[in-house]
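The values are calculated or read from the model by the stated rules, or taken from the named source; none is laboratory data. Computed from a predicted structure; not experimentally measured. Note: areas computed on protein heavy atoms with side chains; ligands, DNA, RNA excluded. Shrake-Rupley method; radii C 1.70, N 1.55, O 1.52, S 1.80 Å.
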Amino acid sequence: MKIAIIGYSGSGKSTLAKTLGQIFQAPVYHYDRIQFTQGWKERDRDEVKELVNESLSHSSWVIDGNYSAFEFDRRMSEANLIVFMNFPRRIAFPRVIKRYYENKGKTRDSIAEGCIEKIDLEFIYWCLIKGRSRKYTTRYKNQHHIYEDKFIECKNDKDVAKLIEQISK
């Protein structure tokens with residue numbers, strides 16, 4: 001099974017990826033781990049390309065991440081299931097804040113080693129405005145139109161629970 005999880009910051013992409021990886025016994029790739037190296041430095045593009053291609057080479061995978069430069073079209077095409085985590089700001093942003101306080105001074109397992117949990121104005125702007133711009137919203141909606149038969153949209157925790165229940169049968 002190949003599952004691509006896309007969506008907004010704070011919507012639970014990484015958590016869902018871990019859960020689905022366990023259900024399907026599939027490797028889980030958090031693309032934030034590929035994008036960044038220690039200290040939130042962006043990884044070299046050639047190394048990124050190599051790591052992305054390696055992740056996509058497996059017969060099954062769960063990939064958490066939006067990154068359009070990371071073989072986005074290929075991921076969507078190869079995925080058996082595309083999950084769009086479309087939680088509204090009023091739910092997602094408080095989760096971002098909660099995540100920060102729960103992981104303050106630590107590195108989450110879905111982020112590269114040495115990337116200490118942080119929240120700054122740039123990330124707040126991303127979560128509330130830029131990451132939800134027409135450009136990104138259109139990209140997600142286009143995936144729904146292109147891959148209607150394998151696209152699932154989760155707008156809240158009940159949708160996620162329903163998805164997990166259906167998949168686990």
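Backbone phi angles across segment 109-119, fed through the Karplus curve with coefficients 6.51, -1.76 and 1.60 (θ = phi - 60°), yield HN-Hα couplings of 6, 8, 10, 4, 3, x, 9, 6, 3, 9, 9 Hz in residue order; Gly and Pro are listed as x. Determine how large the accessible area of K98 is when every protein chain is in place; take a 1.4 Å probe and give Å² rounded to the nearest 10. Number for this one is 120 Å². Taking the alpha carbon gyration tensor of segment 58-105, multiplying each eigenvalue by 5 and rooting it gives semi-axes of 28, 14, 10 Å, largest first.
Multiplying each eigenvalue of the alpha-carbon gyration tensor of segment 1-65 by 5 and taking the square root yields semi-axes of 20, 16, 8 Å, largest first, rounded to whole angstroms. Measuring between alpha carbons in the structure, the pairs from K13/K98; K118/K158; K49/K130 lying more than 18 angstrom apart are K118/K158; K49/K130.
Per residue, the chain reaches -15000 deg cm²/dmol at 222 nm when only DSSP H runs of four or more residues are counted, each adding -39500 (n - 2.57).
Centre-to-centre, using Cα atoms only, segment 1-75 and segment 100-143 are separated by 14 Å. Using 0.36 nm per residue and subtracting the Cα-Cα separation, the extra length available between K162 and F123 on full extension is 11.0 nm.
Dimensions of the chain from C-alpha coordinates, computed as largest minus smallest value along each principal axis and given longest first, are 39, 37, 31 Å. Here the accessible area of segment 1-104 is 46 percent carbon and sulfur, with a 1.4 angstrom probe and all protein chains present. Calculated accessible area for segment 28-114 comes out at 53 Å² per residue, all protein chains present (probe 1.4 Å; ligands, DNA, RNA ignored).
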